[in-house]
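Readers should treat all values here as calculations from the given coordinates under stated rules, not as data from a laboratory. No experiment lies behind these values; they were computed from the predicted model shown. We place every Cβ from the backbone using ideal geometry, glycine too, and count neighbours over all the protein chains shown.
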């Protein structure tokens, strides 16, 4: 399958660069370009691309508005190009909220220090998104495992012994977390920790955003934070978050990542630490995301007797991390995104 | 650094960002007048944003640093956190100048200088230090060193590490595909890089196997990816690399063994897998063609929605265009020659063919000329800033209006006109526009207006600079001409008002007593006129005391090909630029008068000095005795008219200007040479030069 791409950027310089990079991949075909959001909508309608790469700052109509309109009219997977600044983070989160699937840093050096590698990865990401399509769209690729749907639960028996909720997610996570956390009441009785794969400059804005939308309190975790009921702590980007106990109080330990650690923050690392500090008494949830981060951490939690939930395939933007959990037989309940929040509010 | 290698990309950047910079200059000036216009603020913000984006793509750190802060400032502005004020402008305009300097460096192939810390600080100050620090922090945080700061790994971790090392050493024994990135990248991007590697395995590429199955299936080929790594390899990383192989099949440099293994194991529907390199190279080669867009099926349905113009343009060195223009010039000459010959042959077929050639050559010439055309906007674009700076320096209120910015003219002309125009505009502002208080006293609005206008009039371009200032007083000009010794009182008194105004173009004429920074050195206008005449153009000024002045410049559309009037003097053919020619008539020599030693004829009640070109240019200067009537060509230079008596008129011909050889270069009165239709050489007359060199008094 050749991924047909529409490039949207107001800078002809960038359009050409992205075009060069994508066209160098035989499995990607750039079928059109647009200079602003308005053109993007028109082109998307006419050309029906598999993927749109979208800039945010553009004249006539900005990228976020364009995403919103395209997702309303004729939904197409959209990959945002954003700058890794505080304002860039806000805008990117808005774009994700509007329906964009994923984002990449506009400065390619932030993808990889090796330019060729960055180009390769950009192409790979575009192809992947094209192949996967949107979560709501029927999946064409033969990766659907029919067994999955059987396991999907809607209501979950209540368990009394939870003391902590830990949620890990990646691609598609910002929107998914928002969906889950906004369903929790203000007096939610347990502390929550969140691990979202995200650049360092994005997590503060993301936490702030969630805090504004949710009844519970959400903020970015800092070293030494204590866990509190009704407080969700978001793992800071570019770091690792663990738990530690001192004198019966559990607090957050933030550390610099090791060179070998792929994900910063890593769901595995935090989940392992949860397994150590809350043996059998934590609830681990893995939401949408590429890759398999979280599986090994979840395994350790499971070994200690903790419960694990995972998001079902149909509601995932990318069914990778939850799939890894399911395939390893770790998931106690496979849930549609829309039911996770309710279940969480009810079952603890 | 990308700076050295990617020349093509750098040029691309310079073209786009250069245009944005030009726009930014104007937008900033507009902003100062318009205040907090949100559209404009957005546009300026995007301008800096786009330049920053390109600059960071090319790792031009000094540009990025400056643009990044400027962008932040405008972000604050558009969010209403700050107001546009003079202080802001006093910082932003020099920032723009610095950016322009950096661009000049880049154009010269040099690394731009580091951003001026003083300027960076000023920008930071504009933002208020806190917000800048916040905006910078994430970027820095990302780059912060990643040296392991975990002093006491737990037992579990040690075990993991041990396993990982084992895995790594096993990997070393296997064949190593070209994937060094996994081990040597020590920058931020590690995380994302790895994450993406992992993410690349998607459902689309792994049809039947789960991620885990795939992992074990291709373990052998995948493990080596990590070889050479002196760090631990986690499952994830391992998965990631493996997935990379799935996803990146067909990439140049990907390990072929691995590819083949995958194909065997998974029977991927993609037939190109077995020979990724070969398959790949073909389409890539195709794509390197400049405008090679893959035809999308959708285009057939809607042909007009082809990808935007950006992809249909090719950048061409102007040198190449010059070459093409020269060749077309040669073609024009051959065409001229053929047209002449055809008259002798008298064959209908030949004459048809020649007529065809004539038409096509004309079209070709036009098309080639168009490729060299640029809108006058290129020059006009700098004026808002010029006016703004002048107005501030002179404490005058000035509004600039522009018309016809889209008028196209030859690139060389655009460049050649830039300096003279700037000088003329400065002059209009400095000498023309009065101080606001003075304007008020005479009942004019406090704000003076300067109007720049461009339009195409037939085969030439007319540019005008008008101001509604104080105008010029012809008597004052006469007086100055006398005091400066340019002419005696009688001659001065005889000058028409119009001629007086044009005195300002005379060498050594300056109306301003005090020499200011802006103008008034007395050489400027003279130089300007010379420059414009060199371009085969003309300049003229008209004025009305108390109401303002209008300066008009006429230049040909192009410099390379010139319409001329071919004349003969003795045995020799000369070409007289048609732009100078006003009228032609036959003269009864008996009507000629001699006034003050100068031969004069009266044309429509106006005396016109008459010169016998034969006396100046023919080998045998003696007048022809066989006739008592002669052809007279009236030519105009500026407001002045003179008559040239010539022996023969051949007619109008478009000629290609060839420079005179070294021997003749600088011959007074001759601007070049050309080859005529009959294959002879004709010298092209430079009318002002000729008069200067030969006429007694001009």
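Which order do B:10, B:390 fall in if you start with the one that has the fewest other Cβ atoms within 10 Å?
Least to most surrounded, the residues fall as B:10, B:390.
Quick check: the distance between the Cα centres of the stretch A:309-345 and the stretch B:69-128, to the nearest angstrom?
49
So how tilted is helix A:203-213 from the main axis of chain A? Cα-based, degrees 0 to 90, rounded to 10.
70
Mind pulling the angle between the C-alpha long axis of helix A:63-73 and the longest principal axis of chain A? Nearest 10 degrees, somewhere in 0 to 90.
90
Per residue of chain A, what 222 nm ellipticity follows from adding -39500 (n - 2.57) for every DSSP H run with n ≥ 4, rounded to the nearest 500?
Calculated from helices alone, the mean residue ellipticity at 222 nm is -11000 deg cm²/dmol.
If you wrap a convex hull around the Cα atoms of chain A, how much volume per residue is inside, in Å³?
In chain A, the Cα convex hull volume per residue is 126 Å³.
Please work out the Cα center distance from the stretch A:50-99 to the stretch B:537-599, rounded to the nearest Å.
63
Taking square-rooted eigenvalues a ≥ b ≥ c of the alpha carbon gyration tensor, is the stretch A:251-348 rounded, prolate or oblate, where a/c under 1.5 means rounded and, failing that, a/b exceeding b/c means prolate? Walk me through the numbers before you get to the answer.
Values: a/c = 1.74, a/b = 1.24, b/c = 1.40.
Taking the square roots of the gyration eigenvalues as a ≥ b ≥ c, the stretch A:251-348 is oblate.
With an 8 Å Cα cut-off and a minimum separation of 6 or more residues, compute the relative contact order for chain A in percent.
Over chain A, the number comes to 14 percent.
What's the center-to-center distance, using Cα atoms, between the stretch A:212-243 and the stretch A:161-192 in Å?
Comparing the Cα centres of the stretch A:212-243 and the stretch A:161-192, I get a distance of 11 Å.
Working only with C-alpha atoms, what are the Rg and Dmax values of the stretch B:354-425, expressed in angstrom?
17.8, 63
Of B:373, A:80, how do they rank once you tally other Cβ atoms within 10 Å and put the fewest first?
Listing B:373, A:80 from fewest to most nearby Cβ atoms yields B:373, A:80.
Label the stretch B:375-556 by shape, choosing from rounded, prolate and oblate, from the square roots a ≥ b ≥ c of the eigenvalues of the Cα gyration tensor; if a/c is under 1.5 it is rounded, and otherwise prolate applies when a/b is larger than b/c, oblate when it is not.
Here the stretch B:375-556 falls in the oblate category.
Which of rounded, prolate or oblate describes the stretch A:150-347 when judged by the alpha-carbon gyration tensor and an a/c cut-off of 1.5?
Rounded, since a/c falls under 1.5.
Relative to the longest principal axis of the C-alpha atoms of chain A, give the angle of the C-alpha long axis of helix A:12-23, reported between 0 and 90° and rounded to the nearest 10°.
Orientation of helix A:12-23: about 80 degrees from the principal axis.
At a 10 Å Cβ-Cβ cut-off, how would you order B:694, A:263, fewest neighbours first?
Taking fewest neighbouring Cβ atoms as first place, the list is B:694, A:263.
Taking the convex hull of the alpha carbon atoms in the stretch B:561-694, what volume per residue do you get, in Å³?
Roughly 117 Å³ of hull volume per residue.
Taking each residue of A:195-202 in turn, how many C-beta atoms of other protein chains fall within 10 Å of its C-beta, and what is the average?
The shielding value for this peptide is 4.
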